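Encoded as structure tokens, the structure appears first; notes follow it.
The values are calculated or read from the model by the stated rules, or taken from the named source; none is laboratory data. The structure presented is a predicted model; accordingly, all values stated were derived computationally and were not measured. Ideal geometry is used to build each Cβ from the backbone, glycine not excepted, and the neighbour counts take in all protein chains shown. The protein model used for the area step is the full one, side chains on, heavy atoms only, and it has no ligands, DNA or RNA in it. Shrake-Rupley method; radii C 1.70, N 1.55, O 1.52, S 1.80 Å.
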Amino acid sequence: MDAPLAVQVVRQYAPSRGGLEDVVKNLSHQLLIRGYRVRVVTLERVFTELESKLPHAETIDGIEVVRVPFSGSTRYPIAPGVFRHVRDADIVHVHAIDFFFDALAWGRFLHGKPMVATTHGGFFHTSRYAAFKAVWFNTLTRISSRAYDRLIGCSPQDARLFRPIAGERVIEIGNGADTSKFHDAASHAPVKRMATIGRFSINKRLDNLLDTMKALVASDPDWHLDIIGVPGNHSAADIATMIAARRLEGNVEVHLGLPNQEIREVLGRSSFFASASEYEGFGLVAVEAMSAGLVPLLQPNTAYRDLAARHSDIRLCDFGDADSAANMIPKEFDLLQRSGPSMRESAMQAASFYSWDKVAERYAEIYRDVLERNSSRRNTATHLEKHRA
């Protein structure tokens, strides 16, 4: 008997880089270890390089990847080709709330596959079009969610958001983090240097982080910031313009598209991780930074508040108030000088809770439960048909 095929459906995957892509990659590898066959279905173009088409199919790190064409906006890309690649699936796992989520839900009467979805923050990453999003969520998303055997909220805020429309089918599983790739990478000696990691998206509020750096450097020019990431809503030129406008060229360095080993080297010169993001679905990159031994300074958005409630190592820092943030950070540095080794170790221990081995086992349990329930329903239906005959 063939191993069960789990099809992961996600709008962006390698070579695209980001938190969503990392989740799918790590879950897929863990499923292979647990005896599943895995196929990733994604879009044929990376959103930051729309002029280039990627291969229709390839194997990446042992994972089958197939790509489908799309039309329309990158906010809601229309890609009906997904249906061809779920026909032989044993279970379909949709990541994020987008066209794939809706189309596979409404088309379940055609494909008939057991389905789960992970929410990844829904589509509330910014406050733009808030009224329209609320209407969409409470109508189309509510109806689509009925087709899913389980909805997996990857943070407490996601679980709270989706329970009113999906009830007991919502299960909270915090995102896993690759706690090995940056493990113990941070500087062992306290240094006046921060790093931030992520796509250059509007919701990351790099402008607020740079305003804080401007205020910080005004009182102590020894402070530095490393911005590590890839273009998003903002290009690399946009970020350079922001830095120049604040005259921070000597204190801020941008690192584009670094491989993990080079990111480790940058983190090795830092003591703090900073995120001014106004919205996070979970806060994956903050957990990865903690695994490095960095002290996290995080904007008090909902996801980061939830993380801070569980881990005392996290410092909430309002980067929206640059002067307040710039006053707080030197105090954290003084504390680090007094108790640096214990703070590093505590951060790394907290991050270990999110290791992919533990998180993937919870996903595997859900897969087993969904597959067993669907098998039982099919057997019951078959029995009833024979009885009627």
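The table below lists the values:
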| quantity | calculated |
| --- | --- |
| Potential extension, Glu49-Lys181 segment - 0.36 nm per residue separation minus Cα distance | 44.8 nm |
| Cα centroid of the stretch 92-119 to Cα centroid of the stretch 263-316, whole Å | 32 |
| For the chain, average projected area of the Cα convex hull in nm² | 20.2 |
| Relative contact order (percent, whole number), the chain, Cα cutoff 8 Å, 6+ residue spacing | 15 |
| Long-range HN-HN contacts of Arg205 with modeled amide H, under 5 Å | Glu278 |
| 1.4 Å probe accessible area per residue over the stretch 234-371, in Å² | 41 |
| Cβ charges +1 (Lys, Arg) and -1 (Asp, Glu), total dipole of the chain, debye | 1420 |
| Computed magnitude of the charge dipole of the stretch 1-61 (debye, nearest 20; Cβ of K, R +1, Cβ of D, E -1) | 160 |
| Selection from Thr302, Cys317, His111 lying farthest towards where the dipole of the chain points positive, charges on Cβ | His111 |
| Amide H within-cut-off set for Ile152, under 5 Å, with H built and near neighbours excluded | Ala117, Thr118, Thr119, Ile171 |
| Candidates Thr48, Thr179, Thr302: whichever shows maximal mean-square fluctuation once the chain is modelled as a Gaussian network with Cα springs under 10 Å | Thr48 |
| Gaussian network model of the chain, Cα within-10 Å springs - most flexible of Leu335, Leu31, Leu298 | Leu335 |
| Dipole of the chain, positive direction: furthest Cα of Pro4, Pro15, Thr42, with charges on the beta-carbon | Pro4 |
| Unit charges on C-beta of K, R, D, E only; dipole of the stretch 238-301, Debye | 180 |
| Cα gyration tensor, the stretch 181-320 - rounded (a/c under 1.5), prolate or oblate | rounded |
| Rounded to the nearest 10 Å², the accessible area of Arg264 at probe 1.4 Å | 60 |
| Fluctuation leader among Gly72, Gly174, Gly281 - the chain, Gaussian network, Cα springs under 10 angstrom | Gly72 |
| Accessible surface of the chain, 1.4 Å probe, proportion on carbon and sulfur as whole % | 52 |
| For the chain, with +1 on Lys and Arg beta carbons and -1 on Asp and Glu, the positive-most of Ile263, Phe200, Val24 along the dipole | Val24 |
| Accessible area in square angstrom per residue, the stretch 56-99, 1.4 angstrom probe | 43 |
| Among the listed pairs Lys204/Lys331; Lys133/Lys204; Lys214/Lys331; Lys25/Lys192; Lys113/Lys181; Lys181/Lys204, those beyond 29 Å (Cα-Cα) | Lys25/Lys192; Lys113/Lys181 |
